[in-house]
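A short write-up of the structure that comes next.
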Amino acid sequence: MRQFTVHHDGVTIPVSRGGRGRPLVLCPGLSSTQADLHELIALLRRDHDVVTFDLRGHGLASAADRYSFGAFLGDLAAVMADCARLDLPEAPVLVGYSLGADLALHYASERPDTVAGLVLIDGANPVPEPFITETDLPLFRAMWEDQAARQETERANGTARQVVLTGRDILDLNVELDVLRTHLLDRYRKVDCPISMIMSTSMAGDSGEGRAPHYNQLWRAGIDRLVRERPHIATSWLDADHGLVFTHAPEIARIIRSAPGPTARPTT
């Protein structure tokens with residue numbers, strides 16, 4: 001395995017490359033790191049030349065003064081630009097999880113010639129209405145402040161799993177994502193390469209109480225909306241919550257392994 005760094009926008013991004021086979025770039029999601037995704041990465045490296053990295057403020061990447069969607073998209077673009085200098089035999093498959101899926105879609109819509117295919121894991125969902133309403137705002141604010149507080153030990157030790165974003169940083173980014181997702185169908189229309197979706201059936205958990213059923217229904221409605229307009233997109237549903245990359249890594253690796261190449265088209 002080879003490890004190196006990419007410097008972009010005042011941020012140092014740690015990058016790892018290992019395995020052999022079809023080139024693949026894996027973009028983690030919000031509050032997830034290369035270390036968190038170790039099982040999936042190890043499985044993919046059996047038959048892929050895998051490039052992984054940490055987003056700004058995550059894992060071993062340096063902190064930053066901006067955690068907007070555009071800033072994270074710049075991190076992905078910087079890594080992809082560096083990949084172009086790695087003498088890959090062909091354009092890579094770009095795999096993104098959660099926020100990473102949205103970043104991968106936006107990147108591919110802007111630079112379609114640099115990506116052989118997309119695999120989007122529980123993200124990039126053109127939901128028909130916002131997740132975070134005025135009514136739900138206090139709930140999400142408390143949830144992400146609690147999540148940031150639980151990260152204090154990791155931050156204090158500077159581990160490969162640390163996340164330095166505050167609860168407010170995470171809330172602001174998710175509000176921004178709600179706005180961006182209203183235009184996602186336009187992004188999909190700009191992508192010609194094969195796209196595979198891997199989605200969780202119970203994104204917000206399987207509780208029948210509170211707002212979880214509403215969020216899960218909204219999540220399903222977004223993908224139904226997408227495949228009606230883009231019927232060539234392949235969609236796999238896993239009986240899992242949003243942590244599917246951690247709980248269902250073998251299944252996800254198997255789906256990625258069977259993802260169509262650049263000359264084929266997936267079926268629904």
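Of the residues making up the range 61-78, those that are surrounded by fewer than 20 Cβ atoms within 10 Å (Cβ to Cβ) and either closer than 14 Å to residue 28 by Cβ or among the charged types (D, E, K, R) (or both) are 65, 66, 73. Considering (1) in a strand (DSSP E or B); (2) surrounded by fewer than 20 Cβ atoms within 10 Å (Cβ to Cβ), the lone condition that residue 23 does not fulfil carries the number (2).
Assess whether residue 240 counts as being closer than 21 Å to residue 30 by Cα, crowded, with 19+ Cβ neighbours inside 10 Å and in contact with a Ser or Thr (Cβ under 6 Å, 6 or more places away or on another chain). Here the answer is yes, as residue 240 does meet what is asked.
Quick test for you: out of 29, 96, 100, 18, pick the one residue that is crowded, with 16+ Cβ neighbours inside 10 Å, in contact (Cβ under 8 Å) with a residue 60 or more places away in the chain, closer than 17 Å to residue 257 by Cα and touching a strand residue (DSSP E or B) at 6+ places or on another chain (Cβ under 9 Å).
Matching residue, one of 29, 96, 100, 18: 96.
I need the full set of residues from the range 144-170 which are among the aliphatic types (A, V, I, L, M) and surrounded by 14 or more Cβ atoms within 10 Å (Cβ to Cβ), in order please. Listed by number, the residues that qualify are 148, 160, 163, 164, 165, 170. Checked against the criterion of being closer than 21 Å to residue 183 by Cβ and surrounded by fewer than 22 Cβ atoms within 10 Å (Cβ to Cβ), the candidates 138, 130, 89 yield just one match: 130.
The listed residues are 171, 165, and the only one of them that is part of a helix (DSSP H, G or I) and either modelled with pLDDT of 95 or more or touching a Lys or Arg at 6+ places or on another chain (Cβ under 8 Å) (or both) turns out to be 171.
Counting the residues of the range 219-250 that are more than 17 Å from the chain's Cα centre (by Cα), over 16 Å from residue 96 (Cβ atoms) and either in a helix (DSSP H, G or I) or among the charged types (D, E, K, R) (or both) gives 10. In the set (1) more than 21 Å from residue 95 (Cβ to Cβ); (2) assigned to a helix (DSSP H, G or I); (3) over 17 Å from the mean Cα position of the chain (by Cα); (4) touching a residue at least 40 places away in the same chain (Cβ under 8 Å), the condition left unmet by residue 216 is number (4).
Can you name the residue in the range 50-69 that is under 16 Å from the mean Cα position of the chain (by Cα) and among the hydroxyl-bearing types (Ser, Thr, Tyr) and, of all such residues, is nearest to residue 14 (Cα to Cα)?
Just the residues of the range 50-69 that are under 16 Å from the mean Cα position of the chain (by Cα), to begin with: 50-59, 67-69.
Now narrow it down to the ones that are among the hydroxyl-bearing types (Ser, Thr, Tyr): 52, 67-68.
Numbers: 52: 9, 67: 17, 68: 19 Å.
Ranking the candidates gives 52 first.
What do you reckon, is residue 47 closer than 22 Å to residue 166 by Cβ and either under 15 Å from the mean Cα position of the chain (by Cα) or acidic (Asp, Glu) (or both)? No: the conditions fail for residue 47.
Only one of the numbered conditions (1) more than 26 Å from residue 22 (Cα to Cα); (2) in contact with a strand residue (DSSP E or B) (Cβ under 6 Å, 6 or more places away or on another chain); (3) surrounded by fewer than 16 Cβ atoms within 10 Å (Cβ to Cβ) is not met by residue 178, and that is (2).
The values are calculated or read from the model by the stated rules, or taken from the named source; none is laboratory data. Here the structure is a predicted model, which is why all the values come from computation and not from measurement. All Cβ positions, glycine included, derive from the backbone under ideal geometry; neighbour counts span all protein chains shown.
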